[in-house]
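Asker: My questions all concern the structure below.
The values are calculated or read from the model by the stated rules, or taken from the named source; none is laboratory data. All of these numbers come straight from a predicted model, not from anything done at the bench. Don't worry about glycine lacking a Cβ; one is built from the backbone with ideal geometry, like all the others, and counts go over all protein chains shown.
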Number of protein chains: 2
Amino acid sequence: MTLTTDPLVATLIGIVGAANVLREDADTSPHLTDWRGRFCGRARGVVRPGTRAEVAAVVAACQQAGVPIVPQGGNTGLVGGATPDTSGDAVVLVLTRLNRILAVDAMNNTLSVEAGCTLAAVQEAAAAVGRLFPLSLAAEGSCTIGGNLATNAGGVHVLRYGNARELVLGLEAVLPDGRVLDSLRGLRKDNTGLDLKQLFIGSEGTLGIITAATLKLFPQPTASATLWLAFDTPSAAVHFFAKLQTRFGARLVAYELLSRRVLDLLFKHFPEARAPLPEAPWAVLAELVDGGDDAELRAAVEDFVGAASAGGEPGDAVVAHSDSQAKALWWLREHVPEAEKRESVAIKHDIAVPVSRVPEFLRLAGQTLPQRFPGVQILCFGHLGDGNLHFNLCHVDPAQNAAFLARQDEVNRVVFDLAAWLGGTISAEHGIGQLRRALLPTYKSPVEMVVMKAIKRTLDPHNLMNPGKLFLGEGA
Amino acid sequence: MTLTTDPLVATLIGIVGAANVLREDADTSPHLTDWRGRFCGRARGVVRPGTRAEVAAVVAACQQAGVPIVPQGGNTGLVGGATPDTSGDAVVLVLTRLNRILAVDAMNNTLSVEAGCTLAAVQEAAAAVGRLFPLSLAAEGSCTIGGNLATNAGGVHVLRYGNARELVLGLEAVLPDGRVLDSLRGLRKDNTGLDLKQLFIGSEGTLGIITAATLKLFPQPTASATLWLAFDTPSAAVHFFAKLQTRFGARLVAYELLSRRVLDLLFKHFPEARAPLPEAPWAVLAELVDGGDDAELRAAVEDFVGAASAGGEPGDAVVAHSDSQAKALWWLREHVPEAEKRESVAIKHDIAVPVSRVPEFLRLAGQTLPQRFPGVQILCFGHLGDGNLHFNLCHVDPAQNAAFLARQDEVNRVVFDLAAWLGGTISAEHGIGQLRRALLPTYKSPVEMVVMKAIKRTLDPHNLMNPGKLFLGEGA
């Protein structure tokens, strides 16, 4: 297919200019494969509009031509939600040129940004006026805020500040027919009808394209305390979480669990890394922040943790005494995914259960999986304060990893059934995309599926907006 | 109409029993008039189902008969959202018999309750396990949690804990066709498709009937500090809010503004009330909470406020030194509505603007209104930390109040246009109901209205679920 034989491409060039309609493999390929390289598709072209009006015109043109649209931000998703299928029918619509900071209102604690701003740029715009935008992810240098909102991104500070959904006051989106829904308000309270922005947040681009948002900001903390805690059991870690939160409330902003085996893996692949404490079955990395000074907060935290530790929970604890010590502790947590990559840990889960059920989940999974899959190695870390575990698996013998991976569907069902049985979810923060779409109807109720599809059909009757994501099959 | 001539009534009696289908005026009248007595309707009957299954059966029966349903909780709403129209066609479906606490999970900080529980009962169930359910309203003894969620209730602690929407993790609702949408999960993170519960929260019963919810709990604070602050200008109050929040973060849970004129009115109608500070143009009632002890928190707050006051903002300040002093300060704030009632303050608004624009709103409204309506008296109080003002008006001369009230529509337009011009809303927390439905299309964008109506039609194609609320006209 060349430029001249596809009238839609000619139309798109008319809208965004030839330089912003990518057609050569070298230009399009970064947009046709997902970040982990597990999904690879084809497209009619990759279009990069530069304004909201161009997005609307591109969407309207595709709608008219009956051509599917795959919205894409920084292309850092983990479930294939921004990768087109292999038909080559779709247009990939890349939002990264919509990267303007629209308005900053420090006294209202709000920031309005275009969807293509990177998360890091949003954080920086907030910091420039002495405020915090608390969403924080490994991919923050390249992921876009539009993608964060379309997927309702999570991260390490959800415990305190909520998921991406809870950080949005206003939203602007282009609907599947090209109309613009403008709800770019910066209000803490607005009870005037259905809260439509909620539909688009977390919809993975299936209902429209987010083009801008008004985000909540927070005071920039001036003090922080970072702790490493050792526990004998997950249950002890959960109990101490409740105590720490009762004492320090919203000052507790992170509570990250790491199993002994995960730390061993880390030290194997990063021999330069140092264990903060002697061996213990479970470790927790916790962070507290405040608006006073470091010394005061750290003293209060040390007093509290010291007294608790004297009582037996945690078994051991260290409070970082400098920012560099704190960074060293976070370095360990942040390098877990890379250590797993080097180990070729292939079967990954992003489940959540009620925080109170985490110990039971770990106990039951620790019993069931080795029985069903002898030699399985469980590598568990995650956001304990949210009940969200990255529960990853490989074979103890690397030579048998491929055979283990071949049983992935079976493994997934065991893990997901257990999470569901405990009132949990098969995807806490990564989403459904293509990766989990076939399983969704198993774990949602039939009525939930029916209502979701009815909403999808209402807003996107021709199923042209990111088809094949979230929902399996042609008609949503 | 008697029991025997209305086959639907016979069906309803078959579902819930004769004792729970009210037909006599003496029984039905409390359900046919709103709390303020501004809306009065008629109904075919008042039905009180006792279980989710009965709610579903009642809804299905009404759907089959083509009869509208008006869901009602504690009937404490302020916009006529739970009052039927005057046709006498509708069935009023009262949820108060669904008043069971379903599950408490202190370690997960969640509470599952049926929709008919009063807000006070929900607060008590949380307190019984050492937790806080932070939603707090004047009507909490009689309003129901289902009504709170259907209207996305606000209150004095939104600043810290968010609106009702932000306090919900899971929801169960009966759809207009009688099917049950069961999403009663207690998860902090769940990215598995559209977040359907968001549609029902704040929809004022127009999309279905909330029958149960899983709510977020928080640690019960162990310390509190209550302050009364004096300011010369709203701008000074807004600036100090930012400073206080920067220093104390989420420990600041309330920041309530009262104008001098509001306080004067309070002292006029409650001569026993004492002014906490000498006269100043504006007062703020602030509250902070913490998980440590009172003395520590109060000392930190006193240090901070003392230093700020020495710098000129606030002009004066007092920190309550006992719980009874704190209660006395809150008594003043809580009795403002009663003082206004005694004064016959008739034109009330519940607007919000960005916090940063509150001073401008007050300045412009203070200029415009007296020009347009000579003799107008502005009585302004509200949740300054949310930008939410209860901006109420009467005539200085009580004898001219009726003439002033006759110009209510004109007055409203001035106030609402000004709020909208500053990026605000015509209803921050009270909702739309019948009271503001005619104005909604003026202040929402056409696309917002179209999408809202499309969602309504999708879920309630025959417009039988609380018709005439939110949306004006027959077909939504």
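Asker: Is it true that B:N108 is out of contact with any strand residue (DSSP E or B) (no Cβ under 8 Å at 6 or more places or on another chain) and over 20 Å from B:V289 (Cβ atoms)?
Answerer: The answer is yes for B:N108.
Asker: List the pairs whose first member sits in the stretch B:328-345 and is over 23 Å from B:A254 (Cβ atoms), whose second member is exposed (fewer than 14 other Cβ atoms within 10 Å of the Cβ) and among the aromatic types (F, W, Y), and whose Cβ atoms are under 6 Å apart, counting only residues at least 6 apart or on separate chains?
Answerer: From the stretch B:328-345, no pairs qualify.
Asker: Then there is this: In this structure, is A:E204 more than 23 Å from B:G249 (Cβ to Cβ), more than 7 Å from every other protein chain (Cβ to nearest Cβ) and touching a strand residue (DSSP E or B) at 6+ places or on another chain (Cβ under 6 Å)?
Answerer: Answer is no for this residue.
Asker: State which residue is nearest to A:V58 (Cα to Cα) when the search covers only the stretch A:150-167 and only residues that are more than 9 Å from every other protein chain (Cβ to nearest Cβ) and in contact (Cβ under 8 Å) with a residue 60 or more places away in the chain.
Answerer: Per the stated criteria, the residue is A:A150.
Asker: Do we find that A:R436 is within 16 Å of B:T458 (Cα to Cα) and of a type in the set (D, E, K, R) in this structure?
Answerer: no
Asker: Give me the residue from the stretch B:420-435 that is within 21 Å of the chain's Cα centre (by Cα) and more than 8 Å from chain A (Cβ to nearest Cβ) and, out of that set, surrounded by the fewest Cβ atoms within 10 Å (Cβ to Cβ).
Answerer: Ranking the candidates gives B:A420 first.
Asker: What strands (runs of 3 or more DSSP E), lying completely within the stretch B:270-375, carry at least 3 residues that are in contact with a strand residue (DSSP E or B) (Cβ under 7 Å, 6 or more places away or on another chain) and crowded, with 19+ Cβ neighbours inside 10 Å?
Answerer: Fully inside the stretch B:270-375 and qualifying: B:282-290, B:350-352.
Asker: Among the residues of the stretch A:257-269, is there at least one that is part of a loop (DSSP other than H, G, I, E, B), at pLDDT 95 or above and β-branched (V, I, T)?
Answerer: For the stretch A:257-269, residues part of a loop (DSSP other than H, G, I, E, B), at pLDDT 95 or above and β-branched (V, I, T): absent.
Asker: Evaluate the following for B:D293: is it among the acidic types (D, E) and at pLDDT 95 or above?
Answerer: no
Asker: If you don't mind, there's one more thing I want to ask. Sort through B:L277, B:L288 and tell me the only one that's within 26 Å of the chain's Cα centre (by Cα) and either within 22 Å of B:F361 (Cα to Cα) or more than 9 Å from every other protein chain (Cβ to nearest Cβ) (or both).
Answerer: B:L288
Asker: Now for a different question. Condition check: closer than 18 Å to B:P354 by Cβ, more than 26 Å from the chain's Cα centre (by Cα) and outside any loop (DSSP other than H, G, I, E, B). Does B:A230 satisfy that?
Answerer: Answer is no for this residue.
Asker: Taking the stretch A:155-167, which residues are part of a loop (DSSP other than H, G, I, E, B), modelled with pLDDT of 95 or more and crowded, with 24+ Cβ neighbours inside 10 Å?
Answerer: Hit for the stretch A:155-167 is A:N163, nothing else.
Asker: Residue check: is A:A402 hydrophobic (A, V, I, L, M, F, W, C) and surrounded by fewer than 20 Cβ atoms within 10 Å (Cβ to Cβ)?
Answerer: yes
Asker: State the number of residues belonging to the stretch A:233-256 that are among the hydrophobic types (A, V, I, L, M, F, W, C) and part of a strand (DSSP E or B).
Answerer: Number satisfying all stated conditions: 3.
Asker: Could you identify the single residue in B:D417, B:D460, B:D386 that is in contact (Cβ under 8 Å) with a residue 40 or more places away in the chain, among the charged types (D, E, K, R) and more than 9 Å from every other protein chain (Cβ to nearest Cβ)?
Answerer: B:D460
Asker: Among the listed residues A:G147, A:G178, A:G141, A:G170, identify the single one that is at pLDDT 95 or above, outside any strand (DSSP E or B) and either facing chain B (nearest Cβ under 10 Å) or within 19 Å of A:L102 (Cβ to Cβ) (or both).
Answerer: Just one listed residue meets the conditions, A:G147.
Residue-wise test of (1) of a type in the set (D, E); (2) within 19 Å of the chain's Cα centre (by Cα).
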| position | (1), (2) |
| --- | --- |
| B:A317 | no, no |
| B:S324 | no, no |
| B:E338 | yes, yes |
| B:S344 | no, no |
| B:H349 | no, yes |
| B:F361 | no, no |
| B:Q367 | no, no |
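Asker: So is A:L199 more than 7 Å from every other protein chain (Cβ to nearest Cβ), within 30 Å of B:V253 (Cα to Cα) and crowded, with 20+ Cβ neighbours inside 10 Å or not?
Answerer: Here the answer is no, as A:L199 does not meet what is asked.
Asker: Quick check: anything in the stretch B:106-124 within 10 Å of chain A (Cβ to nearest Cβ), among the hydrophobic types (A, V, I, L, M, F, W, C) and outside any strand (DSSP E or B)?
Answerer: The answer is yes, given that some residue of the stretch B:106-124 is within 10 Å of chain A (Cβ to nearest Cβ), among the hydrophobic types (A, V, I, L, M, F, W, C) and outside any strand (DSSP E or B).
Asker: Something else: Return the residues of the stretch A:430-447 that are over 15 Å from B:R185 (Cβ atoms) and assigned to a loop (DSSP other than H, G, I, E, B); say none if nothing qualifies.
Answerer: Within the stretch A:430-447, A:H430, A:G431, A:I432, A:G433, A:Q434, A:L435, A:R436, A:R437, A:A438, A:L439 meet the criteria.
Asker: Also, quick follow-up: Confirm whether B:I378 is touching a residue at least 24 places away in the same chain (Cβ under 8 Å) and either among the small types (G, A, S) or more than 19 Å from B:S235 (Cα to Cα) (or both).
Answerer: Considered against the rule, which asks whether it is touching a residue at least 24 places away in the same chain (Cβ under 8 Å) and either among the small types (G, A, S) or more than 19 Å from B:S235 (Cα to Cα) (or both), B:I378 comes out as no.
Asker: Another question, then. Kindly evaluate B:R185 against the criterion of being more than 18 Å from the chain's Cα centre (by Cα) and either within 11 Å of another protein chain (Cβ to nearest Cβ) or at pLDDT below 95 (or both).
Answerer: Against the criterion (more than 18 Å from the chain's Cα centre (by Cα) and either within 11 Å of another protein chain (Cβ to nearest Cβ) or at pLDDT below 95 (or both)), B:R185 qualifies.
Asker: OK, next. Restricting to the stretch B:207-250, give me the number of residues that are at positive phi and either within 8 Å of chain A (Cβ to nearest Cβ) or out of contact with any strand residue (DSSP E or B) (no Cβ under 7 Å at 6 or more places or on another chain) (or both).
Answerer: 1
Asker: Right, next: If you go through the stretch A:73-97, how many residues are touching a helix residue (DSSP H, G or I) at 6+ places or on another chain (Cβ under 6 Å) and over 20 Å from A:I145 (Cα atoms)?
Answerer: Final tally of qualifying residues: 1.
Asker: Given the criterion in a helix (DSSP H, G or I), at the interface with another protein chain (Cβ under 10 Å from one of its Cβ atoms) and modelled with pLDDT of 95 or more, identify the matching residue among B:V411, B:V450.
Answerer: None of the others qualify; the one that does is B:V450.
Asker: Somewhere in the stretch B:208-215, is a residue touching a residue at least 40 places away in the same chain (Cβ under 8 Å), assigned to a loop (DSSP other than H, G, I, E, B) and over 22 Å from A:G431 (Cα atoms)?
Answerer: Scanning the stretch B:208-215, I find at least one residue that is touching a residue at least 40 places away in the same chain (Cβ under 8 Å), assigned to a loop (DSSP other than H, G, I, E, B) and over 22 Å from A:G431 (Cα atoms), so the answer is yes.
Asker: If you go through the stretch B:172-188 one residue at a time, do you hit one that is in contact with a His (Cβ under 9 Å, 6 or more places away or on another chain) and either small (G, A, S) or surrounded by 23 or more Cβ atoms within 10 Å (Cβ to Cβ) (or both)?
Answerer: yes
Listed here are the residues, each with its yes/no results for (1) in contact with a Leu (Cβ under 9 Å, 6 or more places away or on another chain); (2) not polar (S, T, N, Q).
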site	(1), (2)
B:T425	yes, no
B:G431	yes, yes
B:M449	yes, yes
B:K453	no, yes
B:R457	no, yes
B:P461	no, yes
B:L470	yes, yes
